[in-house]
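The values are calculated or read from the model by the stated rules, or taken from the named source; none is laboratory data. Keep in mind that what you see is a predicted model, and the values were worked out from it rather than measured. A quick note on method: Cβ atoms are made from the backbone with ideal geometry, for glycine too, and the neighbour counts reach across all protein chains shown. In case anyone asks, the SASA skips ligands and DNA or RNA and just uses the protein heavy atoms, side chains included. Shrake-Rupley method; radii C 1.70, N 1.55, O 1.52, S 1.80 Å.
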Amino acid sequence: MAVGRQGGTEYVLGEDDRLTDLARETAKQKGIRLVRKKEVQEAALPVSKPKAPASSPVGSVAILPKASCDLIIKNGIVVLPEAGCLKTNICVKEGKIVSLTSQTPSARQEIDARGLYVLPGIIDPHTHLGLFAPLDTELVSETRSAILGGVTTIGTFFNQSGSYLPLIEMLREKVPSLSRVDMFPHFTLREEAQLAELPQYSACGMNSFKVYMCGIPGLFPHQEDGFIVRTMECLKALEADPVLCVHAENASIVEYAEKDMAQHPVETLAEFGQSHPEISEGEAVIRTAYLSRKLGLRTYIVHSSTGESMKALNRMKHDKLYVETTSPYLSLDTSSGVGAYGKMLPPFRSPESRQALWEGIRAGIIDTIGTDNTTISSVEKKVHEGMGTAIAGYPALGTHLASVLNEGFFRQEIPLEKLIPLMTENPARIFGIYPQKGTLLPGSDADIVLVDMNRSRMAEPASLQSRSDFSVFQGKRLRGWPCGTIKGGRIAAWDGRLTDDGAGGSVLAHCMK
């Protein structure tokens, strides 16, 4: 580390230098004063806000200033998942990225991103909408929160009896009119009639499904192993190479643990965690890995939370098995003091398990980071009735990117070129929407996030614009907030405010073949 090697008492940070917690602590111990060049301080935000396109005169042909592209983002540090960090300009035309170049062609709008990181739009592969409020309501509120947080595409789980064909048609109508982001749906399979319709779902471009090894009483029933094997066999027969998402916990172990805990007061996150012991997830992960390998089906373990899972997956992971964790699990644990607001399934785990998840990222065991966003208000959650009564769930879209950067880059010191693909390229590839999404390569959708790694801000529920009135990060200061989000080439959010609140999301067809 340069701070540790520098022999003087002052270290001047260059334009590309970013401070991690370890660097700050080293400098403090050695009595080294860290200063930034004046021009970097002045460039913490773009020099000028983008100019609006010139207005068109009356007539069928618009007369605009001569320009080779609609938007250029210049002077930023581009995080290209396939290549790493590089200095280049990004040119956008008609909602697509058309070039990465060292040149500065003319454009109708211009953003000077000096001092900022430029990322692909963040993909959250794991959200739930419409559980505690109408779907229409949350397609508006939660996708606004997503855009403010740099999330431009979401994978959303749906769970119902009966055919999903009417739901597919409904989503194709409502997402473009209500949502600010694009969506790729996942459908939970729970009955034989749904398995019979799998070819029809696949023909509609819907190729991601889910089963619960351990369900959630009142919301999601769990599926027996026989049904899961039958599901895998039916999916394997499809030509689109679908993916099966699995909630991996052992239902029997959880049932016995919940009976034991019913005899004791539950007041802390650690006590609640005993009702879903780590061994239940560890065993279910092993079972999932075996079935996936045996049947040759692409399988995706959702929301991994435990050190037990990481140990098992270190031995059993294979090329058709993908693993997700969540930004709350990476950032918070049983010592975090969030109380009943943090009640979730699976529960928050010990600090040791949380650190094991970060080691899983370093080792390549974890492929993606989602949120498991389940929007709920404090009243709906019954948070004031205490841990034992509170309902599982919390909003997380608005804090997703900032919380991962705050913990992953600054505290865990994981390079951006390793961290960002877990929220962009990897989920796009797994769910069959790459290279339309998850990259900044020419031809991809112009979904782009500008991040100021020096920006520190308190997480405040009101500013996140979720329907929920709380955040598990409320009162916590996070670093690495987005300062601008571009969706389909349009500047949708700027400096913490929505600037283009028009809907325009799409339901994405997703398949591998």
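Some values worked out for this structure:
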{"quantity": "Under 14 Å, Cβ to Cβ, from Lys437 - net charge with Lys/Arg +1 and Asp/Glu -1", "calculated": "-3"}
{"quantity": "Fraction of beta bridges assigned by DSSP in the chain that are antiparallel (%, nearest 5)", "calculated": "45 percent"}
{"quantity": "Inter-probe distance in nm under a simple model that places probes 7 Å from Cα toward Cβ, at Thr137 and Ala203", "calculated": "3.7 nm"}
{"quantity": "Compactness of region 100-243 as Cα Rg over 2.2 N^0.38 Å, two decimals", "calculated": "1.31"}
{"quantity": "Most positive-pole-ward Cα, Leu330, Phe227, Tyr212, against dipole of region 187-338 from beta carbon charges", "calculated": "Phe227"}
{"quantity": "Gyration tensor verdict on region 367-510 (Cα atoms; rounded if a/c is under 1.5, prolate if a/b is larger than b/c, oblate otherwise)", "calculated": "prolate"}
{"quantity": "Cα pair distances exceeding 20 angstrom across region 70-162, given as percent", "calculated": "51 percent"}
{"quantity": "Unit charges at the beta carbon, dipole of region 400-513: most positive-side option, Leu441, Ser468, Ile430", "calculated": "Ile430"}
{"quantity": "Relative contact order (%) - criterion: Cα under 8 Å, at least six apart; region: region 102-248", "calculated": "18 percent"}
{"quantity": "Dipole moment magnitude, nearest 20 debye, the chain about Cα centre, only Lys, Arg, Asp, Glu C-beta charged", "calculated": "1640 debye"}
{"quantity": "For Ile216, net neighbour charge (Lys/Arg +1, Asp/Glu -1) across residues whose Cβ lies under 13 Å away", "calculated": "-1"}
{"quantity": "5 Å binning of all Cα-Cα separations within region 265-368, expressed as whole percents from 0 upward", "calculated": "2, 14, 25, 23, 17, 11, 5, 3, 1"}
{"quantity": "Fraction of accessible area attributable to carbon and sulfur, region 274-354 (%, probe 1.4 Å)", "calculated": "52 percent"}
{"quantity": "Anisotropy class of region 456-510 from Cα gyration tensor, a/c 1.5 cut", "calculated": "prolate"}
{"quantity": "Sites Glu94 and Lys259, calculated FRET efficiency, Cβ-Cβ separation with R0 51 Å, nearest 0.05", "calculated": "0.30"}
{"quantity": "In degrees, nearest ten, helix 278-295 long axis to first principal axis of the chain (Cα)", "calculated": "90 degrees"}
{"quantity": "Charge context of Asp70, other residues only, Cβ under 10 angstrom, K/R +1, D/E -1", "calculated": "+3"}
{"quantity": "Proximal aspartates and glutamates to Lys317, defined as alpha-carbon separation beneath 16 angstrom and excluding residues fewer than eight positions away on the same chain", "calculated": "Glu281, Glu283, Glu308, Glu359, Asp367"}
{"quantity": "Rounded to 10°, Cα long-axis angle of helix 135-148 versus longest principal axis of the chain", "calculated": "40 degrees"}
{"quantity": "Nearest 10 degrees, 0 to 90: helix 225-236 Cα axis against the chain principal axis", "calculated": "50 degrees"}
{"quantity": "Cα extents of region 145-217 along the three principal axes, largest first (Å)", "calculated": "40, 28, 18"}
{"quantity": "Entry for percent of Cα pairs over 30 Å apart (calculated from the structure that is shown) out of (i) 58; (ii) 48; (iii) 51", "calculated": "(ii)"}
{"quantity": "Alpha carbon Rg of region 377-433, scaled by the compact-globule rule 2.2 N^0.38 Å", "calculated": "1.60"}
{"quantity": "At R0 = 30 Å, FRET efficiency that the Cβ-Cβ distance of Arg497 and Ser177 yields, to 0.05", "calculated": "0.85"}
